[in-house]
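Scroll down for the structure; my scribbles are underneath it.
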């Protein structure tokens, strides 16, 4: 590893470059020790090895200098080796840290790649859903556009149908006025003892069959005077009133009601179709919407009556009372006017019933005088004229008092007990709106105040202070009636009949109870399906299917306006 050479008495040491620093340090120490430990040999001038003077000193210092150089080189090499080691350790540490960072970066890369793949999958799913939603939105937009176009078409058809309906209503009103005029001329709406209208006498077996032997499930009403059953008699829905046999006045009530209703006919009086003496039963036209009393109470979840309908009902009853009181040759006092005796047909037209205690009065007395005297006044207490209760004296003004209570009930929807005082206090305090029936809709303030004022005037304690129906009450009700009728006319064709699945009631044949295709007007003023009315006439019937009155002739006229309206309706809503 090391080599020692002697030249001119000096040992020379050389170190291989490949030797380690520790080995070099060992060589240096060995050499130093040998140099110090060797004995000094005296040299003489004659000695060939003697070196004299300066040369000798220089030669002796040269190994030292060499040694110092070697030491410096060794120190430098050691320093370089240390620095190299530090750099190596630092490099290893940096390499380790770099490897850790590389591993972390690689892990992060894999995580990000995984997240990227997941996000790409989600994005793909979202894009697919978005495309699906876009397609669905386009489909819905197309459907909406189609619905809008169809709605516009239907609205146009509806407007056209409304115009036709208004024309029909005008024609109907005109026809009714002409019919009433003709009846008045022929004396059909007045009563004469010699010319009483024909009332069909039904056998007991038919009455029993029509009511399923007076089955309780067929009962639609009941009072102290008897029970009312719904029946199906000779292809027609009817109401059959069976008087209570236990009541002592059953026979007199039966005869009284037959006598009065066989003498008169009026659009707002219930039509008596026939009677059965054996069963003590009276057969009336069927009124599908029940009594006013039930409708004000919304019995069986029936729809509340609007203020327009209530105004029309008040006008209907006022018209019926005026007709009865002015009947010739003998006036008629109803004497039992109340909400339960006011019935509503399929179009909510009011008709007066309950004539069992009515009286036919002579024509020689004025309305304020005693026309009939009862020792035991009859009627419902809350509706009874106070003077009638005290004296038993019956006049047409007794009906006026009852009509006033009906007016107040129509306004408030409340029962009659204490109602008069309640309305009086509300009028005095100016808070009438607080007691109006909200289910009727928004009452016009002017109409409500006028009706309340009329009701209170009709209910004056003294008869002489009550208004006359024809000259004072009707003049107030008629403008209201016309205004309400216009509103109802515009709404009538938009309303639907619950029993007939949305078909306007005047499109229905009274005989077949189905939509007419070829409507014909008969002599009684009613419209029927051509096939049905012809079959009725051909079977030998000479009376009206609706009123049971004798038909003046058998001619049939086509109702072109109604036929056009029905065809338009069928085209719009389908067969």
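What follows draws every value from the coordinates through simple rules; no lab data is involved. Keep in mind that this is a model prediction, so the values were computed, not measured. Cβ coordinates were reconstructed from backbone atoms using ideal geometry, including for glycine residues, and neighbour counts include every protein chain displayed.
Structure above, values below:
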| quantity | calculated |
| --- | --- |
| Distance (nanometres) between label positions extended 7 Å along Cα→Cβ at residue 113 and residue 232 | 8.4 |
| Radius ratio Rg over Rh of the stretch 195-286, counting only Cα atoms, Kirkwood formula for Rh | 0.94 |
| Taking the stretch 195-286 and dividing mean pair separation by its residue count, relative contact order in percent (alpha carbons under 8 Å, at least six apart) | 32 |
| Volume in Å³ per residue [convex hull over Cα atoms, computed for the stretch 523-567] | 71 |
